Structure formats: structure tokens, C-alpha cells
Amino acid sequence: MKDFIMQTLIRSSLCALLLAASTAATAPLTAAGEAPRVRYQEIPEGAYSVVAQVRAKPGKEDALRAATLPLIELVRGDPKNLIYFLQEDRAKPGHFVFYEVFASQADFDAHNAMPYVKDWFAKLPELADGGVEVMRMAVLGKPQK
């Protein structure tokens, strides 16, 4: 009888584990684990866009990357930021290109006033070759509803 009860408990446990695993495998990503999606319909025509680049001083590529990577989470966490991409040239490590979209220049200016942005800019004289080159752009195209 003891063996029968143990086998039943083991089977029940295995079934519960299999059910949990199959549910987890087919369930959509949770909000915590889901990457934010670009919602193009929420980007107003004329939105304030910035394309910027910075190049590391020779030998400072890793240090500039380490100083810059935390910006991804911080900027994307800003409710006024609509899009943020940080990219690195595959052929020239240490050459970074930023693509950022805000609804307005005022939102972008508020972003640049954030302490973490100011801290990043303060590190550039030691790490970057020539500072940041910035193009200020306007997003074209009406949002599709």
C-alpha cells in the first residue's frame, strides 16, 4: 500500500510539473520579462528625434561602452522617451550611434537635464574623442490609427 501511495504521489507531482512547464512554454511573456514595443501610432508627426554619435579615444572603447550601456534601461524607462536605440559599429568598436525619439524638444531637453545624462556627459572628456556629434531631426509621416 505504501508503494502504491508513493507512486501515486510521484505521478501526481510529475503531472503537475509537466503541466506547469507546458503552460510556461506556451504562455505569452509577462510584463516584467517583455521587451517594450515601439508603438508607431503613438509617435506624433514632427516628433523630436536625435541621431548622435560618439567615438571612444583609443584604448577607451571598453570604458566608454561600460559607461554608456546603463543608459539603455534608464532612457527607455523615461515615460517621455518614445524610442531609444544604442548601437555600436561592428567594424569599429567604440563608435556608438544613438537614435532617440521624444514627442517634443521640451521632452528631449528635460531628458538631457536628468542627473544620469549629466553624469554620462561628465565622463566624456576622459573617454570620448571629440565629444558627441548630434543631428536634430523631425519624424515624418502621420501616425496610423
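So which of Leu69, Leu86 ends up being over 17 Å from Pro44 (Cα atoms), free of Cβ contacts under 8 Å to residues at least 24 places away in the same chain and open to solvent by 80 Å² or more (accessible area, probe 1.4 Å)?
Exactly one of Leu69, Leu86 is over 17 Å from Pro44 (Cα atoms), free of Cβ contacts under 8 Å to residues at least 24 places away in the same chain and open to solvent by 80 Å² or more (accessible area, probe 1.4 Å), namely Leu69.
Glu61 is checked against (1) of a type in the set (D, E, K, R); (2) free of Cβ contacts under 8 Å to residues at least 40 places away in the same chain; (3) surrounded by 17 or more Cβ atoms within 10 Å (Cβ to Cβ); (4) within 23 Å of Tyr40 (Cβ to Cβ) and fails just one. What number does that condition carry?
Single failed check for Glu61: (4).
Give all pairs with beta carbons closer than 8 Å in which a residue from segment 128-145 that is open to solvent by 40 Å² or more (accessible area, probe 1.4 Å) meets a residue that is among the basic types (Lys, Arg) and assigned to a strand (DSSP E or B); count only pairs at least 6 apart in sequence or on separate chains.
Listed by first residue and then by second, the contacts come to Asp129/Arg55; Gly130/Arg55.
List the number of the failed condition for Tyr40; all other conditions in (1) among the aromatic types (Phe, Trp, Tyr); (2) modelled with pLDDT of 95 or more; (3) more than 19 Å from Phe121 (Cβ to Cβ) hold.
(2)
Can you name the residue in segment 72-83 that is open to solvent by less than 50 Å² (accessible area, probe 1.4 Å) and under 8 Å from the mean Cα position of the chain (by Cα) and, of all such residues, is farthest from Ala47 (Cα to Cα)?
Top of the filtered list is Ile72.
Tell me which residues, restricted to segment 97-127, are farther than 24 Å from Glu61 by Cα, of a type in the set (Asp, Glu) and open to solvent by 70 Å² or more (accessible area, probe 1.4 Å).
The answer is Asp109, and nothing else.
Out of all the residues in segment 43-57, is one or more without any contact (Cβ under 8 Å) to a residue 24 or more places away in the chain and not small (Gly, Ala, Ser)?
No: segment 43-57 contains no residue that is without any contact (Cβ under 8 Å) to a residue 24 or more places away in the chain and not small (Gly, Ala, Ser).
Does at least one position in segment 101-115 carry a residue that is in a strand (DSSP E or B), modelled with pLDDT of 95 or more and touching a helix residue (DSSP H, G or I) at 6+ places or on another chain (Cβ under 7 Å)?
Just the residues of segment 101-115 that are in a strand (DSSP E or B), to begin with: 101-102.
Applying the additional criterion that residues be modelled with pLDDT of 95 or more yields 101-102.
Subset that is touching a helix residue (DSSP H, G or I) at 6+ places or on another chain (Cβ under 7 Å): 102.
Yes, because at least one residue in segment 101-115 is in a strand (DSSP E or B), modelled with pLDDT of 95 or more and touching a helix residue (DSSP H, G or I) at 6+ places or on another chain (Cβ under 7 Å).
Among the residues of segment 32-56, write down those that are more than 26 Å from Asp107 (Cβ to Cβ) and open to solvent by 70 Å² or more (accessible area, probe 1.4 Å). Lay out the reasoning, then the answer.
Of segment 32-56, the ones more than 26 Å from Asp107 (Cβ to Cβ) are 33, 55-56.
Scanning segment 32-56 gives a single hit, Arg55.
One line per residue, one yes/no per condition, for (1) closer than 24 Å to Val97 by Cβ; (2) out of contact with any Ser or Thr (no Cβ under 7 Å at 6 or more places or on another chain); (3) in a helix (DSSP H, G or I); (4) at pLDDT 55 or above:
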residue: Leu17; (1), (2), (3), (4): no, yes, yes, no
residue: Pro28; (1), (2), (3), (4): no, yes, no, no
residue: Pro44; (1), (2), (3), (4): yes, yes, no, yes
residue: Val51; (1), (2), (3), (4): yes, yes, no, yes
residue: Leu64; (1), (2), (3), (4): yes, yes, yes, yes
residue: Leu74; (1), (2), (3), (4): yes, yes, yes, yes
residue: Asp78; (1), (2), (3), (4): yes, yes, no, yes
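The values are calculated or read from the model by the stated rules, or taken from the named source; none is laboratory data. Note that this is a predicted model, so its numbers are computed, not measured. Reconstructed Cβ throughout: ideal geometry from the backbone, glycine too, with neighbour counts over all protein chains shown. Only protein heavy atoms, including side chains, enter the accessible area calculation; ligands, DNA and RNA are left aside. Shrake-Rupley method; radii C 1.70, N 1.55, O 1.52, S 1.80 Å.
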